[in-house]
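What follows is a set of notes on a single structure, which appears directly below.
The values are calculated or read from the model by the stated rules, or taken from the named source; none is laboratory data. Everything quoted here is computed from the prediction, not taken from an experiment. Here the Cβ is made from the backbone with ideal geometry for all residues, glycine too, and neighbour counts use every protein chain on show.
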Amino acid sequence: MTDPTTGTDPTTETDVTTTLAGVAFPGPVFTASGCAAAGRELAPYFDLSAIGGVVTKSVMRRPRAGRATPRMAETASGMLNSIGLQGPGIDAFLAEDLPWLAERGVPAVVSIAGQSMEEYAELAARLRGAPGLAMVEVNISCPNVEDRGHVFACSPDAAADVVAGVRRATAPDVPVFVKLSPDVTDIVTIARSVVDAGADGLSMINTLLGVAIDTAAMRPVLASVTGGLSGPAVKPVALRCVWQVHAALPDVPILGMGGIRSGLDALEFLLAGASAVSVGTVTFHDPAAPARVQAELAVALRERGLARMSEVVGRAHERPAHERPAHEQRADEGGAHHGRASRRDVVRAG
Amino acid sequence: MTNTAGTAPVQQRAEVVSLRTVGAYAALQLAAPRIGQQAQPGHFAALAVGGPDTPMLLRRCFSLARWDSATIEVVLSVVGRGTAWLARRRPGDVLDVIGPLGRPFELPSTPAPCVLVGGGYGAAPLVPLARALRARGCPVHVVLGAASADRLLGVVEATAEADAVTVTTDDGSAGTRGWVSDVLPGVLDGAGTVSPVGAVYACGPMAMLSAVARLAAAAGVPSQVAVEESMACGVGVCMTCVLPVVADDGRTRMVRSCLEGPVFAGARVRFDAVGMVPADAVRGGVSAK
């Protein structure tokens, strides 16, 4: 990826190849679900095959028209959206969207969303064997559904049931990541539950539920009143979630997201424990952002003398050597905490 | 990816060439050759506002009002912080701009009289459209309306480009007191005296577009309307700028005004349901329950 401002090719100097749950991706920066459609619309602005991959907008079983407008409100360093999972449905997705990515060699992380455990499992089954499918992201945390009781990510048991069904229906060599909501009392509890149910990794975070009021109309800006808050405004919340979950489950790979707009933002997520990142809302501001962030991240890693992605993941959790007792220093010599989820095979065997 | 007519949108950094006051509006000219060289009437551009690290993440989208092989020009009305920031730019400042975006107006294949209707600064694309139609041998009648004289746009230019211009203002400070929809039936009658009117083109507020589409249909004339839905990205990924439009198969779908529009056949837009998802839309009215 050539940086247009310098004419240099920073990625050749740092190996940015990224492995998530045993699957290799061309880079550490992905699009984010709901911020890139199914990739095609961003093709005029950067080379989709040069980033980690495209995380598609959540696909459901049937076509869906979404919610009324206005669906969007700009807020300070962010925005609220209430799209309501508008999309073509799995049939059209498999016929048109996924083949388009596959033909161009763009790894596809397919986000799925359902209204029942059965719908999630059916979507996973429909994706099984589809060319171009690199990974499944289970969206159990979209806040823009009519019934907040169906936000599976708010219940450890419901989330686990969904994930178990998806894991069973998905090919063994395709990782299943689960997208978590920050709008829960204890995200670690939910994370542990879905990992125990077979999740190979975690995507975090989805949007936070918010409201904006139009002071001229003296009414909510959004037709549906509430919407999901995203953008740089949520970045500290996202980093907190990544931090807490990585601290509790250091072997579980994390796809980190929430307000990333620069390579240094991405680096913060890696340092907090993410193995890769998604660039979402900032794509609305700069459609070339995923490629730009990846190039900036490569430069940032090189400037810090880091030759590989693996050297940085979770590094902020390590205490400086002089603060650590001697036995801990020895225990840590094996390397950083990251890699495949070791629970996966255990769960499947059971 | 290419959109209609083979144009490929580009993102580029563009220097401000000039910023001038036009009545109640500001006309912002940018050095954007790769956009100007592809532009057609009805295309729009999406401008980032606020500079690096801006707290205003969403692009502001504007119809292209003028262009040549080196520049583009948009007309903006200061309505919020983003447009206020744009109105404070000075020659030499650099903006991040994407264009040309959207589906432009379709021009008739054979010469026929055309009526162009613009409301407020929504009239921006009508002057280049009038020029393109005249170049194809179409007689052009332009109707421009606004709340007041200072909010009319393009009267001088339209007078130079078109065969006839009719002006309305809500307060009567210029032209006929009233709305464009008050004068449109008479204009359609007059424009169609020699040969039937081939098309009505309109851009402006949604209520005006609705009235124009209805009056054109009543006169048996096809209309094309450029809608002004609020957009977050302008490039087709955010799904916020949707409105209900009837497709070729007769079914209503929620389509993006940035990619499938902003120009639609007036008869296809469900003006009565803009802002809603009609129950008969494809998978509209779905419930998560």
So how many residues does region A:268-289 have that are buried (at least 24 other Cβ atoms within 10 Å of the Cβ), closer than 21 Å to A:G201 by Cα and not polar (S, T, N, Q)? 9
Would you check which residues across region A:249-264 are over 15 Å from the mean Cα position of the chain (by Cα), within 17 Å of A:R315 (Cβ to Cβ) and not acidic (D, E) and list them? A:L249, A:P250, A:G263, A:L264
Among (1) away from every other protein chain (no Cβ under 14 Å); (2) closer than 18 Å to B:V143 by Cα; (3) buried (at least 21 other Cβ atoms within 10 Å of the Cβ); (4) not acidic (D, E), which single condition is B:P196 missing? (3)
Looking only at region A:112-129, count how many residues are surrounded by 24 or more Cβ atoms within 10 Å (Cβ to Cβ) and within 14 Å of chain B (Cβ to nearest Cβ). 3
Every residue from region B:158-187 that is surrounded by fewer than 20 Cβ atoms within 10 Å (Cβ to Cβ), in a helix (DSSP H, G or I) and touching a helix residue (DSSP H, G or I) at 6+ places or on another chain (Cβ under 8 Å): B:S181, B:P185
When region A:62-95 is checked residue by residue, the ones that are at the interface with chain B (Cβ under 7 Å from one of its Cβ atoms), of a type in the set (G, A, S), out of contact with any Ser or Thr (no Cβ under 8 Å at 6 or more places or on another chain) and surrounded by fewer than 23 Cβ atoms within 10 Å (Cβ to Cβ) are A:A76, A:S77
Kindly establish whether B:V79 is within 14 Å of chain A (Cβ to nearest Cβ), at pLDDT below 95 and either within 23 Å of B:V227 (Cα to Cα) or in a strand (DSSP E or B) (or both). yes
If you check A:V59, A:V54, which single one turns out to be in contact (Cβ under 8 Å) with a residue 60 or more places away in the chain and more than 7 Å from chain B (Cβ to nearest Cβ)? A:V59
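Yes or no, residue by residue, for (1) among the polar types (S, T, N, Q); (2) touching a residue at least 24 places away in the same chain (Cβ under 8 Å); (3) over 22 Å from A:S278 (Cα atoms); (4) touching a Lys or Arg at 6+ places or on another chain (Cβ under 7 Å):
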{"site": "A:M72", "(1), (2), (3), (4)": "no, yes, no, no"}
{"site": "A:T75", "(1), (2), (3), (4)": "yes, yes, no, no"}
{"site": "A:N81", "(1), (2), (3), (4)": "yes, yes, no, yes"}
{"site": "A:L85", "(1), (2), (3), (4)": "no, yes, no, yes"}
{"site": "A:I90", "(1), (2), (3), (4)": "no, yes, yes, yes"}
{"site": "A:F93", "(1), (2), (3), (4)": "no, yes, no, no"}
{"site": "A:L98", "(1), (2), (3), (4)": "no, yes, no, no"}
{"site": "A:A102", "(1), (2), (3), (4)": "no, yes, no, no"}
{"site": "A:P107", "(1), (2), (3), (4)": "no, yes, no, no"}
Only one of B:G145, B:G122, B:G175 is of a type in the set (G, A, S) and under 28 Å from B:P33 (Cα atoms); which? B:G122
Can you find a residue that is part of a helix (DSSP H, G or I) and among the hydroxyl-bearing types (S, T, Y) anywhere in region B:108-117? no
Out of A:D3, A:D47, I need the residue that is modelled with pLDDT under 95, more than 18 Å from the chain's Cα centre (by Cα) and under 27 Å from A:E296 (Cα atoms). Which one? A:D3
